[in-house]
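S.K.: Could you have a look at this structure, given as structure tokens, before my questions?
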Amino acid sequence: MLLVIDVGNTNTVLGLYDEDKLIHDWRIRTEIDHTVDEYGMLIFNLYQSSLMKTEEIKAIKAIIISCVVPPMLNILEPLCVKYFNVKPMIVGPGIKTGMPIFYDNPKEVGADRIVNAVAAYDKYHQAAIIIDFGTATTFDYISPKGEYMGGCIAPGIMISSEALFERAAKLPRVEFSKPKSVITKDTVSAMQAGIIFGYAGLIDGIVERMKAEIKTKPLVIATGGLASVVAPETKCIDKIEEMLTLEGLRIIYNLNSKS
């Protein structure tokens with residue numbers, strides 16, 4: 001079995017594959033001050049909560065990690081060796097992706113952005129714009145030939161909302177849910193409308209500008225933890241692929257393990 005781990009600034013997502021089938025997935029907080037053993041016990045508890053058998057845990061023979069928080073590798077690499085007796089594959093320079101990267105400095109591109117791109121092109125085989133709703137919201141364009149062409153980065157919806165809560169003393173924290181209208185009659189609904197509809201407008205605006213520059217008709221794919229909340233309120237998003245990053249990690253692992 002293959003364990004895939006995607007480490008983001010806010011959350012870490014883990015997935016367990018039995019060949020090409022995702023059989024378990026978990027989302028936990030990214031905590032750089034945890035020890036190797038604390039993370040080991042946390043992962044063990046996740047296994048128990050999923051009613052995994054000891055044989056299944058012992059069947060994990062390979063691990064691949066994409067990480068945008070470098071200190072986390074100092075925890076996860078020794079964890080993989082200590083608890084799984086596996087040296088993990090790390091997505092980064094020297095890893096084969098099967099995708100040309102047209103970026104001024106390819107080393108600057110977040111591993112998760114490349115992993116998403118690989119998964120999207122592998123599944124749809126066409127030009128695509130991938131929007132990843134994470135701590136930051138990233139927009140990446142993949143050409144019809146399967147080339148990573150670059151993109152842009154915006155503050156994530158959580159960052160934007162936290163700034164509002166922290167800077168406006170009388171405004172409360174609110175749940176991320178769609179209000180009944182844009183013109184609302186109470187403060188909580190007014191904030192929800194501004195956050196959800198305002199962010200949907202940001203998504204539509206950036207995608208419209210990207211399409212104008214590339215002059216193609218790409219498929220627009222949303223992924224990330226909050227994709228299912230924001231995507232339905234946009235005009236531009238065609239597909240929601242919540243497990244896109246995990247699937248990309250599986251593909252990249254298979255590509256490199258066979259070489």
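Rule-based calculations on the coordinates, nothing more; no lab input. Since the structure is predicted, the reported quantities are computational estimates derived from the model, not experimental observations. Glycine also receives a Cβ, built like all others from the backbone with ideal geometry; neighbour counts cover every protein chain displayed.
S.K.: Name all residues of region 131-150 having a backbone nitrogen under 20 Å from the label point set 7 Å from the Cα of Phe165 along its Cα→Cβ direction, giving them as ranges.
M.R.: Of the residues in region 131-150, 133-137 have backbone N under 20 Å from the label point off Phe165.
S.K.: Further, regarding this structure: Share of antiparallel DSSP beta bridges in the chain, in percent to the nearest 5? Working shown, then result.
M.R.: Values: 27 of 44 bridges.
In the chain, DSSP labels about 60 percent of beta bridges as antiparallel.
S.K.: While we're on this one: Give, as ranges by residue number, the residues of region 233-259 whose backbone N falls under 18 Å from the point 7 Å along Cα→Cβ of Lys96.
M.R.: Zone members listed by number: 248-259.
S.K.: A further question follows. Kindly provide the GluC sites (Glu not before Pro) of region 140-216 that DSSP labels as loop, not H, G, I, E or B, and whose Cβ sees at most 14 other Cβ atoms within 10 Å.
M.R.: Counting only loop positions with at most 14 other Cβ atoms within 10 Å, the GluC sites (Glu not before Pro) in region 140-216 are Glu175.
S.K.: In terms of Cα to Cα distance under 22 Å, which lysines are near enough to Lys211, apart from those fewer than 8 places away along the same chain?
M.R.: Lys123, Lys145, Lys235, Lys239
S.K.: Suppose only helical runs count, i.e. DSSP H with n ≥ 4. What mean residue ellipticity at 222 nm does that imply for the chain under -39500 (n - 2.57) per run, divided by all residues and rounded to the nearest 500 deg cm²/dmol?
M.R.: -13000 deg cm²/dmol
S.K.: To continue, here is another question. On C-alpha positions alone, give me the angle between the axis of helix 70-84 and the longest principal axis of the chain, in degrees, nearest 10.
M.R.: 40 degrees
S.K.: Restrict the search to region 32-75; then list the trypsin sites (Lys or Arg not before Pro) that DSSP places in a loop and that have at most 13 other Cβ atoms within 10 Å of their Cβ.
M.R.: Values: sites: Lys53, Lys58, Lys61; in loops: Lys53, Lys61.
When the trypsin sites (Lys or Arg not before Pro) of region 32-75 are filtered for loop state and at most 13 Cβ neighbours within 10 Å, Lys53, Lys61 remain.
S.K.: If I stretch the segment between Lys178 and Lys107 completely, what's the gain in nm (0.36 nm per residue apart, minus their alpha carbon distance), one decimal?
M.R.: 21.7 nm
S.K.: Could you tell me which of rounded, prolate or oblate describes region 1-78, using a ≥ b ≥ c as the square roots of the eigenvalues of the alpha-carbon gyration tensor, with rounded for a/c under 1.5 and, failing that, prolate when a/b is larger than b/c and oblate otherwise?
M.R.: prolate
S.K.: Still on this structure, I have one more. Have a look at Leu171, Leu73, Leu244 and tell me which one the Gaussian network model of the chain (Cα, springs below 10 Å) gives the largest fluctuation.
M.R.: Its mean-square fluctuation being the largest, the pick is Leu171.
S.K.: For a quick check of your reading of the filter: which chymotrypsin sites (Phe, Trp or Tyr not before Pro) in region 163-234 sit in a DSSP loop and have no more than 13 other Cβ atoms within 10 Å? List each step's numbers first, then the result.
M.R.: Working: sites: Phe165, Phe176, Phe197, Tyr199; in loops: Phe176.
Answer in residue order: no site qualifies.
S.K.: If you take every residue apart from Val118 with its C-beta less than 12 Å away from the C-beta of Val118, what net charge results, scoring Lys and Arg +1 and Asp and Glu -1? Before the final figure, lay out each step's value.
M.R.: Numbers: positive: Lys96, Arg113, Lys123, Arg250; negative: Asp112, Asp122, Asp140, Glu147, Glu247.
Counting the neighbours of Val118, the net charge comes to -1.
S.K.: Let me ask something additional. With springs connecting C-alpha atoms under 10 Å apart, model the chain as a Gaussian network and identify which of Ser177, Ser66, Ser49 has the largest mean-square fluctuation.
M.R.: Maximum fluctuation in the GNM of the chain, among the listed residues, is at Ser49.
S.K.: Can you give the FRET efficiency to the nearest 0.05 for Glu242 and Glu55, using r as the Cβ-Cβ distance and R₀ = 35 Å?
M.R.: Here the calculated transfer efficiency is 0.80.
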